[in-house]
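Here is the structure we will look at, set down as structure tokens.
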Amino acid sequence: MKEPETLATIPDRLQRFGESPALIAIREKEPTTCSFAELGDRALGLAAGLRRHGVRPGDTVAIVGTNGPAPVTALLGIIAAGAVALLLDPDFGSESLGRMMRDNACRLAFIDETACEVGRIATGIDAERLFGLGAERKTDALAPWAGLLAPVAEPAAAPAGDATAVLVYTSGTTGTPKAVPLTHANIAANLDALLQQNLVGPGDRALLPLPLFHVYPLVVGLLTPLLAGAAIIFPVGLSGPQLAAGLRDGRATHLVGVPRLYTALVGAIRAGVAARGAIAMRIFDLLLAISAAAQRRLGIDIGRILFAGIRRRLAPELRLLVSGGAGLDPDTERTLEALGWEVLTGYGLTETAPILTFNRRGQARAGTAGQALPGVELRVASPDARGVGEIQVRGPNVFAGYRGNPEATAAAFTPDNWFRTGDLGLLDEDGYLHLVARASETIVLAGGTKLFPETIEEIFMRDPAIREIGLLVRNGVLVALVVPAPEVLHGPDAATAEERIRVALAAAPVAPYQRPAGFAVSPEGLPRTRIGKIRRHLLPGLYERARAGKIPTPGAPLSSSDRALLAQPAAARLWSWLQVRFRDTPLSLDTDLRLDLGIDSLSWLQITLELESALALRLDEAAIARITTVRDLLTAAITAAEAPAAGAPAGEATLKPEERRWLEPLSAPARALRTLLLLVNRIVVRALFGLRSDGIENLARAGPYLICPNHASYLDPFALAAALPVRIGAASAWAGWTGILFNTPARRFFSRIMRVLPIDPARSGASLALATTVLERGGILVWFPEGARSWDGSLRPFQPGIGILVRAAAAPVVPVHLDGTHKAWPPGRRLPRPGPVRVRIGQAIPASELLGGDADNQEVANRLHAAVAALAPP
């Protein structure tokens, strides 16, 4: 059934879904949930309050802020009042925001006071007409938005379909942002077409990490799911652990993102696999190829089975990934599909509200933008020999023109009123759209030859010496602005960086007319929009500046204060990790994370996931915002390690029912089977590996205490279990990684019988709480403080998690050293080989001794590391 051509009825229509959750804001403590009924009531109450405050149909009301229930309520309340919602990006800057409010004669404004300078915005609107989105009570600058809520006396008159509902600004890739008014009919046409596809429905939950001042997340990520009865999940931030928490804790079934988010997601998954070694990586790639082939040739999705462990740890209920805002790399798309997720992509613009084409379920073609939305007409104007020309469109979702900019409006439409998208593409015989480039970014050389820069730039960037490149024309000649790879710019041969770039440009497989006649080297990353597009109108100025500049030289030697910084345990561990993570880049404490290492806001997704997994280091959004250089990152790591609440588990009270079941007592038959398995293991290990053990007398018969051995082989737990007296072994719980010991029914059964606890690096808080509970109940816990096997048999640094456990449970620790297990069964070997194994058990170390002198969690880990190292043979 066709949706009405007005959005003002949305609050009433939401109420039909009753008390089901509509908005879920993931927070550090407890999620904040708003039901459909509550959202509808509050939006209607806000609409009534706006009318009482003098807002009339057609008036403009601004929203400046981040995602959450308050901005969504404000948006729906403004539209229900018949007013125009002006959605503004806080990154425009307070001065520009104030000017935009003046230009659009704003009557009121809702402001997230944490996102911008309220005082400077007030130059564009009276201060008494500013309301805080995050304020529950009046602050010095803002009154709370909820103070506007009023009883609903009578419904407002429905606005006409051609009345403006939303006003947004373009991202400005080619110049000054332009104001785009979208009518109720424009947006309703898109909603109607999307809802007919049944992409989402009641019971589904869509994670929306994208800001609502862009039309794509507004229409596709927010309004479409809400009108279908699905809940919207807002993550607390965009760092890796925060996004992972939103997917997992919010039980997301759908994810609405942009290509660079999915690229970061794939990168994080691959990095996690690579951390397990080259063999694991080869197996992963082989399984990916098998899954992709099964999909392509047989139409069978086996990725859900092959990669069930990865999917379960990252997002156990996630099924559908929606990508928009830019073109998704076909390789990334195929990888996500091979992992078992359904991926749907589309194409559109702000001016088209926004979707023009999309890949329908069951009919998607990787590398294309899909087929036209119902009601949308496409044509390719003046196609060349390949069929490539400018994409032109018309339909009910296309806007009528830019506000206050008749020149831009005239240029945007053809004489017969088709909208010029500014993009180049072709339509195949099945109606699938293939995007090539933006017409406005096409380079025309002096002889009239046209270049599509994005395609050529991708070829140049295949050379490892080039991190980024932007092509442009200066004085009629094709030139390039090049950002070299960090190892070229800052490495020992930095003086020859220009020569290295010259060779790379000369060697690239492009036509002679596509090769730049000159170039400039810049240490600064190219200017991009939030969705990763180059802002090409800025390249000429940057090119001239780079031509006049010099390549920076590597950083100076360490000062005494820097050496003191690196002496801190948390900083030392992170510095070592960084040197491995960026092994091809010479690092200094002044290395800029964005300019030198290419870490931007979306790249933090991958980096923070790796940091939490490898170092148990969790950085919140506020800390990340303050980090610019490696020095800043090291300082943040020290602060996180010293924070009293940094990962301190609350124990049994925080456990979920499915986690508590791992602590339930075994039945009598299960206990008998456990004892039998321990005896068989004892016989086999002693027979095959000539096991010798020293220091058994150092083990108490009852807990609570921790047993902490080194970890160099899969043989380690079998050897230690064989060395322990059967009574102590039967009373012990073991920490086991979920990626191996819990990824099949048989392994889960074995883990339950042997009292192996599921330890998930992606849920470090829950894992530590589970381990703490064992000790609080007086149990014995075997914990491998290195967190992973040593690939060369050497003793690796201990993770700070052991410090958290000792602090939380105040339990003594028994250090253990296993010798010979690495040689008998090294990482990468399929089966073990017989060889001598020896287990040395040290004396228990009281918790007070490990915690003495106000030691932080990492220092506790370091002290235990020294005790284990002392047990090693000479």
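In this simple spin-label model, placing a label point 7 Å from the Cα along the Cα-to-Cβ direction at both VAL510 and THR744 gives a separation of 5.0 nm. Ordering LEU321, GLY340, GLY309 by the projection of their Cα atoms onto the charge dipole of the stretch 301-369, which places +1 on the Cβ of Lys and Arg and -1 on the Cβ of Asp and Glu, puts GLY309 at the extreme positive end.
Around the amide H of LEU593, modelled in the peptide plane, lie the amide H atoms of THR629, VAL630, all under 5 Å away and 5 or more residues distant in sequence or on another chain. A Förster radius of 25 Å combined with the Cβ-Cβ distance from ASP792 to ARG304 puts the calculated FRET efficiency at roughly 0.10. Across the options ALA74, PRO31, PRO90, the greatest Cα extent toward the positive end of the charge dipole of the stretch 1-113 (unit charges at beta carbon of Lys, Arg, Asp, Glu) belongs to ALA74.
For the stretch 383-400, 3J(HN,Hα) computed residue by residue from phi via the Karplus equation (6.51, -1.76, 1.60; θ = phi - 60°) reads x, 8, 4, 7, x, 8, x, 6, 7, 10, 9, 8, x, x, 8, 7, 5, 8 Hz, glycine and proline entered as x. Solvent exposure of the stretch 9-84 amounts to 36 Å² per residue of accessible area, where only protein heavy atoms count and the probe is 1.4 Å. Summary of packing: across the peptides 330-343, 767-780, the per-residue average of other C-beta atoms within 10 Å ranks them, highest first, as 767-780, 330-343.
Go ahead and run the numbers for FRET between ASN405 and HIS537, Cβ-Cβ distance against an R0 of 22 Å, rounding to 0.05. The computed FRET efficiency comes out at 0.85.
If the segment from ARG360 to ARG660 were pulled out straight at 0.36 nm per residue, it would be longer than the present Cα-Cα gap by 103.8 nm.
Of the heavy-atom accessible surface of the stretch 282-376 (probe 1.4 angstrom), what whole percent is carbon and sulfur? Within the stretch 282-376, the accessible surface is 55 percent carbon and sulfur. Using the Karplus relation 6.51 cos²θ - 1.76 cosθ + 1.60 with θ = phi - 60°, the per-residue 3J(HN,Hα) values for the stretch 660-676 come to 4, 5, 6, 9, 5, x, 7, 6, 4, x, 5, 5, 5, 5, 4, 4, 4 Hz, with x marking Gly and Pro.
FRET efficiency for the pair LEU676 and SER20, taken as 1/(1 + (r/R0)^6) with r the Cβ-Cβ distance and R0 = 45 Å, rounds to 0.35.
The values are calculated or read from the model by the stated rules, or taken from the named source; none is laboratory data. The model shown is predicted, which means the values in this text are computed figures rather than measured ones. Cβ: placed from backbone, ideal geometry, glycine included. Neighbour counts: every protein chain shown. Quick note on the areas: whole protein, heavy atoms, side chains included, nothing else; ligands and nucleic acids left out. Shrake-Rupley method; radii C 1.70, N 1.55, O 1.52, S 1.80 Å.
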